[in-house]
Amino acid sequence: MKLQSALLITALVTTGSPVFAVNLLLEDFEGGKVKYSVAPAAVEFSDGGTDYFGRVSATGITIGGSVGFSNPQGTGFFAAQDLDGDGESGTQTIDFTGINILNFENLSFSGFFAEDDDGTNQDWDNTDSVIVEAQIDGSGYVPVFQIENDGRQFNGAPLVDTDFNGVGDGDEITNAFTQFTTPISGTGNSLDLRITIALNSGDEDIAFDNISIDGDAAVPEPSTAFLGGLALLGL
């Protein structure tokens with residue numbers, strides 16, 4: 001009995017606070033109540049073809065059959081193309097606000113991204129972009145993930161912009177949904193996430209799914225009084 005108690009006390013004293021990963025936000029666009037809002041259109045829209053902005057699912061918008069993606073993560077996803085084609089603004093945002101991050105650290109963003117690949121005839125211009133930004137406790141938005149073309153004025157491929165300078169220099173976004181994960185610096189009480197999409201011509205599109213915020217939660221170390229009580233039990 002004494003040996004077992006001593007070993008337990010030793011383990012509790014010498015082991016640091018363990019951490020475990022927790023999902024703080026997951027939007028899979030499958031249906032039901034959404035966790036986001038859109039602006040400035042305030043509504044999701046589609047002409048049933050290649051002008052659209054919204055959740056593509058059984059309960060959402062429809063898009064043209066000429067648009068296709070592989071490696072789907074379920075049946076629903078969010079997609080956008082030629083945003084000003086129906087008289088809306090060529091730049092639209094998706095906002096996730098008030099995500100509780102209290103007592104969490106090592107925050108990260110992840111999502112699956114795809115684009116209706118047009119082979120060698122890519123259509124993203126240097127004015128097109130998808131920018132994911134985060135802010136903690138209203139401190140101001142900073143980019144955490146960004147997609148741009150390769151810097152040419154017209155008709156480039158969408159690439160990950162690894163240094164956030166407005167020129168794509170990383171992996172290409174293809175028609176296969178692919179997961180990208182990036183860290184979010186800082187800690188606090190509440191996190192807001194914003195996805196800004198600027199795509200204003202035909203064949204300039206993006207799709208994404210399983211938007212996620214994750215963090216590590218630390219398990220507090222046992223208190224001195226608790227350890228003292230265990231010691232008395234051992235004695």
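Computed from the coordinates by the stated procedures, all read-outs in this text should not be read as laboratory data. These figures come from a predicted structure and were not determined experimentally. Every residue, glycine among them, receives a Cβ derived from its backbone with ideal geometry; neighbour counts consider all protein chains shown.
Would you please calculate the Kirkwood hydrodynamic radius of the stretch 36-158 over all C-alpha pairs and express it in Å, rounded to one decimal? Hydrodynamic radius (Kirkwood, Cα pairs) of the stretch 36-158 is 16.4 Å. Subtracting the Cα-Cα distance of S139 and D86 from 0.36 nm times their residue separation leaves 15.6 nm of extension gain.
Given R₀ = 45 Å, what would the calculated FRET efficiency be for S185 paired with N121, taking r from the Cβ atoms and rounding to 0.05? Show your work: numbers first, answer last.
Values: r = 38 Å, r/R0 = 0.85.
Calculated value: 0.75.
Here the extension length gained between D216 and D150 equals 20.3 nm, from 0.36 nm per residue of separation less the Cα-Cα distance. A full extension of the chain between L102 and A21 corresponds to an added length of 27.8 nm, given 0.36 nm per residue minus the alpha carbon distance.
Quick one: work out Rg over Rh on the C-alpha atoms of the stretch 95-148, Rh as Kirkwood radius.
Values: Rg = 15.3 Å, Rh = 14.0 Å.
A ratio of 1.09.
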